[in-house]
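Data block below; observations after.
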Amino acid sequence: MRSKPNVRELADEQVNDEARLWENFKQGDKSAYASFYSKYSSLLFRYGCKVTQDREMVKDCMHDLFTELWKNKATLGSPASVKNYLVKSLRNKLIREIAKQAKFVDEEGVPETHLGIVSSPELQMVNSQAKSEQERQLIAALRKLTNRQKEIIFLLYYNNLTPAEVASIMSISVRTIYNTTFSAIQLLKGEMAIIVILALCKDCI
């Protein structure tokens, strides 16, 4: 009797299934193309809204991304992770669009007022309704983080990406990911217990 597959085997199977689906998409399978949109569009929109407050820009860039994917499907490579490929592609599109519209671009290549989870409906709701003292303390602490720290935390903890995957998406080194995450967590720990931080961050950034 064959034993049940372990977590590693299930993960490998999912990767293989997605790789086959990607190859089908490249060959013109519209259902495969639609499945990627259905699976990742929500994640991409949420991530895009962390990069910029301009929701229409996010929608336009997502539309352009998927349009270009279909148009260029036959010449695309085979990414190790479709999710990471899509997130990085959207990020690059948004950065180019923000830079195009901005008169001033900061040292990281993106206007400081746009990139880095500057605001969100959740944050505005917490401010307007004056929720618990812990939430207010966390929001105050999050405002002290740099744009890069906020984006890395979002990708690491709430999209379950590895440091190597985040480094690839943001085009920076893995060491930078570790150093930036450490400094961000240290800053937040100065405000409240780390368990509380991780429990509340998801709803506040």
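The values are calculated or read from the model by the stated rules, or taken from the named source; none is laboratory data. Note that the structure is a prediction, hence the values are computed from the model and not measured. Neighbour counts run over all protein chains shown; Cβ positions are idealised from the backbone, glycine included. The protein model used for the area step is the full one, side chains on, heavy atoms only, and it has no ligands, DNA or RNA in it. Shrake-Rupley method; radii C 1.70, N 1.55, O 1.52, S 1.80 Å.
Quick rundown of the values:
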{"read-out": "Failed item in (1) open to solvent by 30 Å² or more (accessible area, probe 1.4 Å); (2) modelled with pLDDT of 80 or more; (3) farther than 17 Å from Gln53 by Cα, with Arg148 passing the rest", "value": "(3)"}
{"read-out": "Criterion violated by Val51 - all others in (1) closer than 15 Å to Leu86 by Cα; (2) of a type in the set (Val, Ile, Thr); (3) modelled with pLDDT of 90 or more satisfied", "value": "(3)"}
{"read-out": "Residue list for region 158-192, filter: among the aromatic types (Phe, Trp, Tyr) and at pLDDT below 80", "value": "Tyr158"}
{"read-out": "Subset of region 152-168 that is touching a Phe, Trp or Tyr at 6+ places or on another chain (Cβ under 9 Å) and open to solvent by less than 10 Å² (accessible area, probe 1.4 Å) - its residue that is nearest to Lys88 (Cα to Cα)", "value": "Leu155"}
{"read-out": "Subset of region 67-99 (residues that are more than 17 Å from the chain's Cα centre (by Cα) and within 15 Å of Ala34 (Cα to Cα))", "value": "Thr67, Glu68, Leu69, Trp70, Lys71, Lys73"}
{"read-out": "Qualifying positions in region 44-92 - among the small types (Gly, Ala, Ser) and surrounded by 14 or more Cβ atoms within 10 Å (Cβ to Cβ)", "value": "Gly48, Ser81, Ser89"}
{"read-out": "Restricting region 44-60 to residues that are within 19 Å of Leu156 (Cβ to Cβ) and touching a residue at least 24 places away in the same chain (Cβ under 8 Å), the residue that is nearest to the chain's Cα centre (by Cα)", "value": "Tyr47"}
{"read-out": "Lone qualifier among Asn6, Asn16, Asn24 - being over 18 Å from Leu65 (Cα atoms), at pLDDT 85 or above and over 19 Å from the mean Cα position of the chain (by Cα)", "value": "Asn24"}
{"read-out": "Positions within region 27-42 being surrounded by 13 or more Cβ atoms within 10 Å (Cβ to Cβ) and under 24 Å from the mean Cα position of the chain (by Cα), in sequence order", "value": "Ala32, Tyr33, Ser35, Phe36, Tyr37, Lys39, Tyr40, Ser41"}
